[in-house]
1. Is one or more of the residues making up segment 62-72 under 21 Å from ARG113 (Cβ atoms), part of a loop (DSSP other than H, G, I, E, B) and out of contact with any helix residue (DSSP H, G or I) (no Cβ under 8 Å at 6 or more places or on another chain)?
2. Between residues in segment 127-142 that are open to solvent by 60 Å² or more (accessible area, probe 1.4 Å) and residues that are assigned to a strand (DSSP E or B), which pairs lie under 8 Å by C-beta distance while being six or more apart or on different chains?
3. LYS86 passes all but one of (1) open to solvent by 20 Å² or more (accessible area, probe 1.4 Å); (2) over 24 Å from TYR190 (Cβ atoms); which number fails?
4. Inspect segment 65-74 for any residue being out of contact with any Lys or Arg (no Cβ under 7 Å at 6 or more places or on another chain), aliphatic (A, V, I, L, M) and surrounded by 15 or more Cβ atoms within 10 Å (Cβ to Cβ) and give the result as yes or no.
5. Quick one: in segment 102-125, of everything that is open to solvent by 10 Å² or more (accessible area, probe 1.4 Å) and aliphatic (A, V, I, L, M), which residue is farthest from PHE64 (Cα to Cα)?
6. Is one or more of the residues making up segment 41-54 modelled with pLDDT under 95, open to solvent by 10 Å² or more (accessible area, probe 1.4 Å), in contact with a helix residue (DSSP H, G or I) (Cβ under 9 Å, 6 or more places away or on another chain) and at negative phi?
7. Could you check how many residues of segment 162-185 are of a type in the set (S, T, N, Q) and crowded, with 19+ Cβ neighbours inside 10 Å?
Amino acid sequence: MADKKIEIVASYTDTIPGKMIKFRAAMKFWNRYAGDTYSHISLSRDSKLGNMMSLARKEMDNPFNSGFIKEDIRTGMFALKPDVSKIAVMELKITEEQYNKLSSLMDYYWVHRDDYSFNYLGLASMLFCGRGVAPKNSFFCSQWVATVLQDSGINIFDGKNPKNIRPFDFYGALKDHIIYEGLTTQYPEYSEKENYDISPGVMDSSSLQKVKKIDLPTPIISKKVKV
């Protein structure tokens, strides 16, 4: 029985990579995909979207310093140009077992975030070749979200390797799960964020002690199942 919820957030912000992806989509007169102007994917365990996790730039003005970050739709790149920042929020109902596994994996990656790098090579390969590559301990945003979902037993793609998953793949697979799509500032819970600290790196000592070094499972490509 599904009794927990998570949010997968596709977004477009007015960055150079975002503009490139949007321009590339607009120039295609064939084989267009639903949601192909979205350039980023984030994973959230609450509907207020104030404590999302993904891989992106760590500094506003430096796209080459990228890795695991915590995100809030009210700050950072989302707030850079609020008149054009757009999101599509896809909500999944999952079991408590899946939720606990997903939470453990997210906490693990966050505590050990310095052991991982941004997969620039895979991102470039996806943009220009349509297929990704996966250097060890390296992810781009949609690759990581797909990996965490898959390793939590939440399989939404039919035998597709996470390194080949793009933001619009989530949009296409989960179009029936979209609960909001539009300007970020008009999201219904935009002004209702809970009062908690979402700064990257903020975890209390008791939480850190609980997240021990673990051996991550080897990704298994599973057939599509109903979520």
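1. Checked segment 62-72: no residue is under 21 Å from ARG113 (Cβ atoms), part of a loop (DSSP other than H, G, I, E, B) and out of contact with any helix residue (DSSP H, G or I) (no Cβ under 8 Å at 6 or more places or on another chain).
2. Here the result reads ASN137/SER117, each pair linking segment 127-142 to a residue that is assigned to a strand (DSSP E or B).
3. So the condition that LYS86 fails would be (2).
4. yes
5. Within segment 102-125, the match that is farthest from PHE64 (Cα to Cα) is VAL111.
6. No - not one qualifying residue is present in segment 41-54.
7. Selection size over segment 162-185: 2.
The values are calculated or read from the model by the stated rules, or taken from the named source; none is laboratory data. This is a predicted model, so every value here is computed, not measured. We place every Cβ from the backbone using ideal geometry, glycine too, and count neighbours over all the protein chains shown. Ligands, DNA and RNA are excluded from the accessible area calculation, which covers all protein heavy atoms including side chains. Shrake-Rupley method; radii C 1.70, N 1.55, O 1.52, S 1.80 Å.
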